[in-house]
1. Can you grab the distance from the C-alpha centre of the stretch 15-49 to the C-alpha centre of the stretch 93-116, Å, no decimals?
2. Quick one: of 153/294; 143/294; 56/148, which pairs are farther than 24 Å apart, Cα to Cα?
3. So for each of 73-82, 264-273, 94-103 I average, over its residues, the number of other beta carbons within 10 Å; can you give me the resulting order with the highest mean first?
4. Roll a 1.4 Å probe over the protein chains and send me the accessible area per residue for the chain in Å².
5. Could you work out the relative contact order of the chain? I mean the mean sequence separation of Cα pairs under 8 Å and 6+ apart, divided by the number of residues, in percent.
6. In percent, how large is the relative contact order of the stretch 93-154, given Cα pairs closer than 8 Å and 6 or more residues apart?
7. If you take every DSSP beta bridge fully contained in the chain, what fraction is antiparallel? Give it as a percent rounded to 5.
8. With every protein chain left in place, what is the accessible area of residue 29 in Å² (1.4 Å probe, nearest 10)?
Amino acid sequence: MATNDTNQAGQPGPGAAPFVPGRLISHFSGRDRQNQADGWSALWDTDEHDLWDRGKPSPALIDLLESDSTLIPRPATSGGRRPRALVPGCGKGYDVVMLALHGYDVYGLEVSPIGVETARAYAATELAARSDYNFSDVSNQEKYGAIKPGEVKFVVGDFFAKDWETDCVAGDKDFKGFDLIYDYTFLCALLPSMRQDWARRMSELVAPSGVLVCLEFPLYKGLNLPGPPWGLREGIYLNLLAAGGNGVIEDEIVAQDAVQVSTGGAFERTGYITPPRSYEVAKGTDRLSIWALKRPGNRL
Ligand SMILES: C[S@@+](CC[C@H](N)C(=O)[O-])C[C@H]1O[C@@H](n2cnc3c(N)ncnc32)[C@H](O)[C@@H]1O
């Protein structure tokens, strides 16, 4: 999201620079939950997606995909169904295309029809002539350049509704959920009161053997400052996904304590990574968390 909305580091306090809301925050100021989706669509309609557009796929996710980590499902080296990935709130579709170039069949979900149109145009160009930024280095460009990209499909839909899911699973009677779901700047784009529903939907959408991968951002922004992006913490993700809380935490100490709670929610955290590379805007604070559904007997 725009640097002018994300450069206010911490909590207001003595000597702290006054908080100046940027365009994105002003646009959403006073909008209730019912008007959030329209708010995002309006920004696409007026061609203001540069407010959050990073111009390239997530370096942290690229490095995870190109690592030998066993924490995520991998495309089979020969035969077999490709793993199916979902990127909710995919924006222009950088991560959708990049995942496809690494062998996944990928669905990009956007609430805005113009957003989907923009993403389809980006994908057509990028899949015809892939940019270097989709890979960590030249050897991986060659390695992944040799494989056939997975399918890319962009779907117009509201993450909190279910109707779009049929577009993804049409013709696949065996569909049991997505093998990999990637969240970057989607949770932080939502009103805090929507977080618990975000966690519930994630648990409905991920396959029993699948994973949710979150690039946690913004971990540096004051929790009592307005968004989007809304400030998040490791403890807020744990509260939502592992403890089954509502994730609405404005107190730094409470957010830290939430780290200790690990029962009650649908997910268990299987990995927590300080990525060697991420977007500059996070100034080294981004973290990658990887989540799997708790086994049934493990849920409280
Ligand atoms: C901050 S942007 C992030 C875009 C993308 N992840 C990126 O990194 O460029 C949030 C995106 O989520 C979309 N969005 C917001 N609410 C949504 C919803 N309920 N369902 C699907 N998409 C939504 C917006 O249109 C917007 O493109």
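The values are calculated or read from the model by the stated rules, or taken from the named source; none is laboratory data. Small disclaimer: the values here were computed from a predicted structure and weren't measured. Because the Cβ atoms are built from the backbone with ideal geometry, glycine has one as well, and the counts that use them run over all protein chains shown. For the accessible areas, the whole protein counts, side chains as well, though only heavy atoms, and no ligand, DNA or RNA atoms are used. Shrake-Rupley method; radii C 1.70, N 1.55, O 1.52, S 1.80 Å.
1. For the stretch 15-49 versus the stretch 93-116, the Cα centre distance is 23 Å.
2. Numbers: 153/294 29 Å; 143/294 34 Å; 56/148 21 Å.
Table pairs above 24 Å Cα-Cα are 153/294; 143/294.
3. Packing order, densest peptide first, comes out as 94-103, 264-273, 73-82.
4. 44
5. Once normalised by length, the contact order is 18 percent.
6. 57
7. 40
8. Accessible area, nearest 10 Å²: 90 Å².
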